[in-house]
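Chemist: Next up is a structure, given as C-alpha cells.
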Amino acid sequence: METIIEKYNNLQKEILSDFSLKWDGENCETTFRNDVKDFYGFEKKFGWNILLNAFYVIDDTELAKKSFKEFDLQGPSRHRDIGERYLRLYGLLNATYQQKLAVENLLEIHKVEKKKEHIKKLTDSELIIIRNKIGAHSANFLSTRDDSEHKFDVYEISRPELERGKIRLLRNQNDFENYDLEKAINEFNELVEEILSIVIAKVISKIFNNQGKYFKEYQIINKIRNGAILIGDKLIEFTTK
C-alpha cells in the first residue's frame, strides 16, 4: 500500500513525466534541462537534477521505513541477531536523514516560503535527534546542555533494551534517555507529509493555476491524509462532531 509520502511523490513524478512526454526534442531550440528550468521556474538548470534525485531518494527511503513497520528491528529472517538490529537501526535512521535532505532540496529549488521554519521543524524532530545522537555522532554529539562537562556528549545504545526492540541511550555513561522509535517515525512522517503538500501546492498553483487533473489528484491525497478512504473511484470522507 502506498504511503501518503509516496502518493505526494508520485504526483510530483507524474507532473514531470507528462511534461517529458510532451516535450518535442526535435523541434525545440533549447535543451530539455533548460525547458524544465523554465517550466518550474528554477534558478538554474541543475534544478532538474536535484528534483529527480529527490524523487528517487524519497522513494528509496520510504521502502526502508515500510520494512521497519513490517519487520521492526529484527528483520524478516526473525533471527535473534543483535548485529542485525544494529544494522537495521542505523540504516533506518540514516535513510530518514537522507529523506530529510531530499525534502529540504525540494524546499530550496521551489523557493517555498518559510523554508527555514520547515527545515528547523525537521531538524528538531525526535527522529532526527535520535539519528544524530546514535546514527552519526554517538562518539561526539555536539551538546548545548547545561550539565555537559565537555563540548560534546557521548552516547551508547543499551544492548539489552535493543534486544527487546527498545531504544534506550546512555549519555556520558551517566544518564539514560528512552525513545519510542515508532512514535518518532510517525511524527517525522507527518512533518514530511505537511511539507510535501506545501511544495506541491506551490507547484500546482504556479504552473496550473489550481486547475486540472493534478489539482484534483492533490486534493484527493490531502483528503486521504486527513482520514478519507479511496475505494475504486469513490472517495469516502468521515466527519467528526
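The values are calculated or read from the model by the stated rules, or taken from the named source; none is laboratory data. Treat the numbers as computed from the prediction; the structure is a model and nothing was measured. A quick note on method: Cβ atoms are made from the backbone with ideal geometry, for glycine too, and the neighbour counts reach across all protein chains shown. Quick note on the areas: whole protein, heavy atoms, side chains included, nothing else; ligands and nucleic acids left out. Shrake-Rupley method; radii C 1.70, N 1.55, O 1.52, S 1.80 Å.
Chemist: Being surrounded by 14 or more Cβ atoms within 10 Å (Cβ to Cβ) and in a helix (DSSP H, G or I), is that true of even one residue in region 167-181?
Modeler: Yes, there is a match, as at least one residue in region 167-181 is surrounded by 14 or more Cβ atoms within 10 Å (Cβ to Cβ) and in a helix (DSSP H, G or I).
Chemist: May I pose another question? Enumerate the pairs (first residue in region 66-90 and under 14 Å from Leu162 (Cα atoms) and among the β-branched types (Val, Ile, Thr); second residue anywhere and modelled with pLDDT of 90 or more and not in a loop (DSSP other than H, G, I, E, B)) with beta-carbon separation below 8 Å, excluding pairs fewer than 6 apart on the same chain, so at least 6 apart or on different chains.
Modeler: As it stands, the answer is Ile82/Arg159; Ile82/Leu162, since those pairs meet every condition given.
Chemist: Something else: Taking the residues in region 187-220 that are outside any helix (DSSP H, G or I) and polar (S, T, N, Q) as candidates, determine which candidate is least open to solvent (accessible area, probe 1.4 Å). Talk me through it step by step, then tell me what you get.
Modeler: Within region 187-220, the subset outside any helix (DSSP H, G or I) is 209-212.
Filter again for polar (S, T, N, Q), leaving 209-211.
Values: Asn209: 105, Asn210: 69, Gln211: 116 Å².
Among those residues, the one meeting the criterion is Asn210.
Chemist: Can you name every residue in region 164-202 that is under 20 Å from Asp124 (Cα atoms), in contact with a Phe, Trp or Tyr (Cβ under 9 Å, 6 or more places away or on another chain) and among the charged types (D, E, K, R)?
Modeler: Once the filter is applied, which keeps residues that are under 20 Å from Asp124 (Cα atoms), in contact with a Phe, Trp or Tyr (Cβ under 9 Å, 6 or more places away or on another chain) and among the charged types (D, E, K, R), region 164-202 yields Arg168, Arg171, Glu177, Glu182, Glu193.
Chemist: Now for a different question. Scanning region 103-154 for residues that are open to solvent by 30 Å² or more (accessible area, probe 1.4 Å) and part of a strand (DSSP E or B), which turns out farthest from Asn186 (Cα to Cα)?
Modeler: Phe152
Chemist: Okay, moving on. Checking Phe42 against (1) open to solvent by 50 Å² or more (accessible area, probe 1.4 Å); (2) outside any helix (DSSP H, G or I), which test does it fail?
Modeler: For Phe42, the exception is condition (1).
Residue-by-condition table, conditions (1) in contact with a Phe, Trp or Tyr (Cβ under 7 Å, 6 or more places away or on another chain); (2) at pLDDT 90 or above; (3) closer than 24 Å to Pro76 by Cα:
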{"residue": "Glu108", "(1), (2), (3)": "no, yes, no"}
{"residue": "Leu127", "(1), (2), (3)": "yes, yes, yes"}
{"residue": "Ile134", "(1), (2), (3)": "yes, yes, yes"}
{"residue": "Glu161", "(1), (2), (3)": "no, yes, yes"}
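Chemist: Which of the residues spanning region 221-241 are farther than 19 Å from Ile5 by Cα and surrounded by 10 or more Cβ atoms within 10 Å (Cβ to Cβ)?
Modeler: Ile236, Glu237, listed by residue number.
Chemist: If you don't mind, another one. If the Cβ limit is 6 Å and pairs must be 6+ apart or interchain, which residue in region 116-135 that is farther than 22 Å from Tyr86 by Cβ pairs with which residue that is among the β-branched types (Val, Ile, Thr) and assigned to a helix (DSSP H, G or I)?
Modeler: These pairs meet every condition: His118/Ile195.
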